[in-house]
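Inspection log for the structure reproduced underneath, given as structure tokens.
Since every read-out is calculated from the coordinates, none of them should be taken as a lab result. Only a predicted model underlies this, so the values are computations on that prediction, with no experimental measurement involved. Note that we place each Cβ from the backbone using ideal geometry, even for glycine, and neighbour counts take in every protein chain shown.
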Amino acid sequence: MTLRHPAVFLVDVDNTLIDNDGLQQDLKDHLERVYGLKTRVRYWKILEDLFDEFGYRDYLGALQRYRVEHPHQVELLAMSSFLIDYPFAERLYPAALKLLARMRAAGPAVILSDGDVVFQPRKVERAGLGRAVDGHVLIYVHKEEALGDVEHRYPADHYVVVDDKPRILASVKRFWGERVTTVFVRQGSYAGDAKAISAVAPADMTVESVGDLLNCDLDKLRGTARSLHRT
């Protein structure tokens, strides 16, 4: 029988714990420097097309599709090493690991992300996030559609979900209602996206950076969402 917890902390990865926008810029710069502007533009177009198709950015899948289009550009095969061996830990936001440690003490703390089956787990592993949460890592194709499975694996009286995407937080709120406290981390590409933010109901709490949560009372976050002041 799975132990039921008073509270479980569910924390996103990209642009929540890791500066994924910075990672993407590094990738763009590398593509252009090593393979040329034309290659960078075409690869990124494939990447965005896959995002529209799958709902997440499949970096290795985009590389494979580009290779199909350019079967003789064997030099591009080295790009897989750049992606797999990228120093993800260097892209962690300040205080990210310290925050997970605090949550784990009150926890459990669980990484809740979406992405492909190779690159995203590799990112989590090499950034040290899996170790920081004692291996409690969940990666789905669309995590907002897998909340029933999340609850089955981590039954709890209350959930705290920390994410940079207003749409995800709104979906979580619809599913768990007052049993969840949603925290919008205003980082990355959605931080200034007024249209995305205004399109859905506001999160229970908004912080400007994930490090700001170090100053929050975790017991308050573990309480009911009604007890939180909406910001």
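Indicate, rounded to the nearest 5 percent, the antiparallel portion of the DSSP beta bridges found entirely in the chain. So the antiparallel bridges amount to about 5 percent of the total. Residues whose amide H comes within less than 5 Å of that of Ser209, counting only those at least five positions distant or on another chain, are Arg186 (H built at 1.01 Å from N in the peptide plane).
The Rg/Rh ratio for the chain, using Cα coordinates for both the radius of gyration and the Kirkwood hydrodynamic radius, is 0.99.
Dividing the summed helix terms, -39500 (n - 2.57) for each DSSP H run of n ≥ 4, by the number of residues in the chain produces a 222 nm estimate of -12500 deg cm²/dmol to the nearest 500. For the range 185-202, 3J(HN,Hα) computed residue by residue from phi via the Karplus equation (6.51, -1.76, 1.60; θ = phi - 60°) reads 9, 7, 10, x, 5, 8, 4, x, 8, 4, 5, 5, 5, 7, 6, 10, 5, x Hz, glycine and proline entered as x. Each peptide in 95-102, 129-136 was scored by the mean count of other Cβ atoms within 10 Å over its residues; highest first, the order is 95-102, 129-136. Under the simplified labelling scheme, the Val200-Arg104 pair shows an inter-label distance of 2.8 nm, with each label point 7 Å from Cα along Cα→Cβ.
P(r) tail, the range 21-88: Cα-Cα pairs separated by more than 19 Å, 25% of all pairs. Averaging the sequence gap over all C-alpha pairs within less than 8 Å and six or more residues apart, then dividing by the number of residues, gives the range 21-88 a relative contact order of 20 percent.
Taking the longest Cα principal axis of the chain as reference, the axis of helix 96-106 is set at about 30 degrees.
In terms of other Cβ atoms within 10 Å, His152, His30 run from fewest to most in the order His152, His30. Computed over every Cα-Cα pair of the range 98-181 and binned at 10 Å starting from 0, the pair-distance distribution P(r) comes out as 16, 51, 32, 1 percent. For His5, the residues 5 or more places off, or on other chains, whose built amide H falls under 5 Å of its own are Ala156, Asp157. Spacing of the modelled spin labels on Phe51 and Val34, each 7 Å from Cα toward Cβ, amounts to 2.1 nm.
For the chain, lysine pairs separated by 8 or more sequence positions, or belonging to different chains, with Cα-Cα distances below 18 Å total 9. As a proxy for reagent exposure, ranking Thr16, Thr39 by other Cβ atoms within 10 Å from fewest up yields Thr39, Thr16. The H on the amide N of Tyr140, modeled in the peptide plane, is under 5 Å from the matching H of Ser113, Asp114, Gly115, each at least 5 residues off or on a different chain.
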